[in-house]
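S.K.: One structure coming up, written as structure tokens, with questions to follow.
Read the figures in this text as sums done on the coordinates, not as results from a lab. Since the model is a prediction, treat every value here as computed from it, not as a measurement. With ideal geometry, Cβ positions are generated from the backbone for all residues, glycine too; neighbour counts draw on all protein chains shown.
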2 protein chains.
Amino acid sequence: MITLYHHPLCPHSRFVRLLLAEYSIKPELIEENAFERRRDFLILDPAGQTPVLAEESGTVVSGPGPIAEYFDETRGLALGRHRLLPDDPGSRAEVRRLFDWFSQKFFHEVTNWLVTEKVYKRFMPRKQGGGGPDMDLVHAARVNIRTHLRYIGYLAGNRKWLAGDRLSHADLAAAAHLSCVDFLGDVPWEENETAKLWYARLKSRPAFRPLLADRLPGFCPNPIYADLDF
Amino acid sequence: MITLYHHPLCPHSRFVRLLLAEYSIKPELIEENAFERRRDFLILDPAGQTPVLAEESGTVVSGPGPIAEYFDETRGLALGRHRLLPDDPGSRAEVRRLFDWFSQKFFHEVTNWLVTEKVYKRFMPRKQGGGGPDMDLVHAARVNIRTHLRYIGYLAGNRKWLAGDRLSHADLAAAAHLSCVDFLGDVPWEENETAKLWYARLKSRPAFRPLLADRLPGFCPNPIYADLDF
């Protein structure tokens with residue numbers, strides 16, 4: 001059994017849940033509030049950040065990028081033509097460029113602000129920065145997402161999937177981040193039909209179902225969040 | 001000939017310069033001020049961030065992580081026992097965890113604040129955020145680096161190199177970021193002798209020499225910056 005330390009609205013954790021589902025792996029999920037800095041979790045991962053994955057063998061892999069590469073190296077071949085990294089180094093570099101785009105650029109310009117301000121801060125003690133959302137940051141994220149949505153639409157309009165002919169880490173990362181923002185109702189889908197259609201394809205995959213069932217105490221997801229015909 | 005779009009004080013670019021030197025590759029360096037958002041550079045890399053590497057064949061690879069993986073895939077075997085990624089997936093995951101630690105965590109907690117506030121802002125137009133440094137951010141970075149230095153000392157005290165028995169992407173990333181901070185005189189080396197000895201080993205490698213010769217108009221590097229017996 002694989003164990004995944006995650007948080008339901010941590011976009012990096014969601015990426016790994018999507019990834020594992022594409023490998024038909026059902027992990028044991030342990031919910032972790034990273035901001036609590038739990039001692040046993042810090043021993044497992046000194047950075048104290050979700051996601052962290054533990055194999056039954058004892059191997060521990062931290063972070064969405066290392067986890068994705070680790071699965072490609074240990075189980076990628078078994079996926080055959082559904083492998084989530086292409087074969088040639090140039091195409092792999094393109095997948096990784098877009099994976100970094102969503103895991104880092106989109107995260108710092110959009111997801112992190114929305115999830116921290118609207119969700120995490122509600123659960124954090126005040127001395128750790130908890131409290132009401134900083135609406136300036138929420139507004140900035142809502143402005144920034146529009147550029148990203150246009151870029152997704154551009155890519156999806158010119159390629160079968162975001163990084164090329166095959167579904168890859170890039171699509172899963174983009175969809176994981178967007179799914180957090182969509183949970184909060186902050187994706188202006190009406191602005192880009194091509195991006196919306198690409199997301200609808202992802203959302204219909206069996207791998208996506210557990211994410212759509214996620215609920216958080218005290219939060220009502222956006223009404224169209226779990227709707228496949230949004 | 002390989003072309004590298006870089007900035008002398010961009011830590012991610014420095015990582016790639018160290019990496020290429022370990023592969024005995026001397027790239028053509030093109031200095032890029034990412035904040036200028038030059039059109040031809042944005043066509044090459046829509047994120048508009050250094051480093052970006054172009055092969056003579058036309059293959060373009062963006063970002064420090066994708067570039068490191070691309071070189072391991074295309075030229076890693078030729079390094080033999082000096083290969084910068086280990087052979088087994090678990091050890092590779094450890095290298096990548098620490099690579100992300102320095103490229104992302106250290107960058108956002110230390111390097112980015114120091115380099116942006118003390119260097120980039122001096123060259124940026126005021127309407128793009130240029131001007132004097134925000135000393136609160138500079139001070140925060142100076143506090144944060146102490147924890148990172150202790151962690152480097154802990155790792156270097158328990159392993160031959162940061163991620164294990166062999167020099168890896170993790171050492172090059174850590175050294176690249178530290179070298180930027182050291183250029184600015186903000187590494188409290190006296191606080192951790194083990195970290196300092198590890199850095200001295202890196203600094204003595206031939207790959208490091210071009211970095212130590214870097215100069216920037218209007219900046220005097222810290223007097224011990226290029227000193228191998230600092």
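S.K.: Mean-square fluctuation check for chain B, GNM, Cα pairs under 10 Å: which of B:Gly164, B:Gly129, B:Gly58 is largest?
M.R.: Largest GNM mean-square fluctuation: B:Gly58.
S.K.: I need the Debye-formula profile for region B:49-131: one equal scatterer per C-alpha, no solvent, reported as log10 I(q)/I(0) at q = 0.14, 0.19 1/Å, two decimals.
M.R.: So the normalised log intensities work out to -0.68, -0.97.
S.K.: Here's something else I'd like to know. Report, in whole Å, the centroid distance computed from the Cα atoms of region B:45-64 and region B:148-183.
M.R.: Here the two parts' Cα centres lie 25 Å apart.
S.K.: Given region A:3-82, what percent of its DSSP beta bridges are antiparallel, to the nearest 5?
M.R.: Working: 6 of 10 bridges.
Of all bridge pairs located within region A:3-82, approximately 60 percent are antiparallel.
S.K.: I'm a student and want to see the number: the projected area of the Cα convex hull of the protein assembly as shown, averaged over all directions, in nm². Could you put the intermediate results ahead of the total?
M.R.: On the way: hull surface 86.2 nm².
If I average the Cα hull's projected area over directions, I get 21.6 nm².
S.K.: In addition: Which whole-number percent gives the relative contact order of chain B, counting Cα pairs below 8 Å spaced six or more residues apart?
M.R.: Contact order relative to length: 21 percent.
S.K.: Just to confirm the numbers: A:Arg201, label point 7 angstrom along the Cα-Cβ line, distances to the other copies in nm, shortest first?
M.R.: 4.8
S.K.: Hey, another quick one. Starting from a label point 7 Å past Cα on the Cβ side, list the distances from B:Gly218 to the same position in the other copies, nm, shortest first.
M.R.: 4.7
S.K.: Using only the C-alpha atoms of region A:114-182, find the volume of their convex hull and express it per residue in Å³.
M.R.: On the way: hull volume 5.8 nm³, N = 69.
Per residue, the Cα convex hull of region A:114-182 comes to 84 Å³.
S.K.: Moving to a separate point now. List the lysines whose Cα lies under 21 Å from the Cα of A:Lys127, skipping any in the same chain that are fewer than 8 positions away.
M.R.: In chain and number order, the partners are A:Lys118.
S.K.: Using all C-alpha to C-alpha distances in region B:93-149, build P(r) with 5 Å bins and read off the rounded percent in each one.
M.R.: That works out to 5, 21, 22, 19, 15, 10, 6, 3, 1, in percent per bin.
S.K.: How big, on average over all directions, is the shadow cast by the Cα convex hull of chain A, in nm²?
M.R.: Details: hull surface 49.6 nm².
Averaged projected area of chain A's Cα convex hull equals 12.4 nm².
S.K.: Sticking with this one: Before anything else, pin down the relative contact order of region B:3-82: Cα pairs under 8 Å, at least 6 apart, normalised by residue count, whole percent. Working shown, then result.
M.R.: Working: 88 pairs, mean separation 27.2, N = 80.
Worked out over region B:3-82, it gives 34 percent.
S.K.: Quick one: in region A:124-230, what % of C-alpha pairs are over 23 Å apart?
M.R.: Working: 1880 of 5671 pairs.
When every Cα pair of region A:124-230 is considered, 33 percent fall beyond 23 Å.
S.K.: Same structure again: Check each of the GluC sites (Glu not before Pro) in region A:18-105 and keep only those in coil by DSSP with at most 11 other C-beta atoms within 10 angstrom; list them in order. Intermediate values should be presented prior to the final figure.
M.R.: Numbers: sites: A:Glu22, A:Glu28, A:Glu31, A:Glu32, A:Glu36, A:Glu55, A:Glu56, A:Glu69, A:Glu73, A:Glu94; in loops: A:Glu32, A:Glu55, A:Glu56.
Passing both the DSSP loop test and the Cβ count: A:Glu56.
S.K.: Right, something else. Which residue fluctuates most in the GNM of chain B (Cα springs below 10 Å): B:Leu77, B:Leu53, B:Leu162?
M.R.: Looking only at B:Leu77, B:Leu53, B:Leu162, the biggest GNM fluctuation is shown by B:Leu77.
S.K.: Filter the trypsin sites (Lys or Arg not before Pro) in region A:200-230 to those in DSSP coil with at most 14 other Cβ atoms within 10 Å of their Cβ, and list the result.
M.R.: Numbers: sites: A:Arg201, A:Lys203, A:Arg215; in loops: A:Arg215.
Qualifying residues, ordered by number: A:Arg215.
S.K.: Please name whichever of A:Ala47, A:Ala21, A:Asn144 sits farthest to the positive end of the charge dipole of chain A, dipole taken about the Cα centre and charges placed at Cβ: Lys and Arg +1, Asp and Glu -1.
M.R.: So the residue we want is A:Asn144.
S.K.: Got the B:Arg159 label distances to the other copies yet, label 7 Å along Cα→Cβ, in nm, shortest first?
M.R.: Computed spacing set for this position: 3.2 nm.
S.K.: Rank the residues B:Met124, A:Met135 as a footprinting-exposure proxy: fewest other Cβ atoms within 10 Å of their Cβ go first.
M.R.: Going from least to most buried by this count: A:Met135, B:Met124.
S.K.: Roughly how big is region B:89-206's charge dipole about its Cα centre, with Cβ charges of +1 (Lys, Arg) and -1 (Asp, Glu), in debye to the nearest 20? Intermediate results must be reported in sequence, preceding the final value.
M.R.: Numbers: 19 positive and 13 negative charges, 70 e Å.
Charge dipole, region B:89-206, about its Cα centre: 340 debye, nearest 20.
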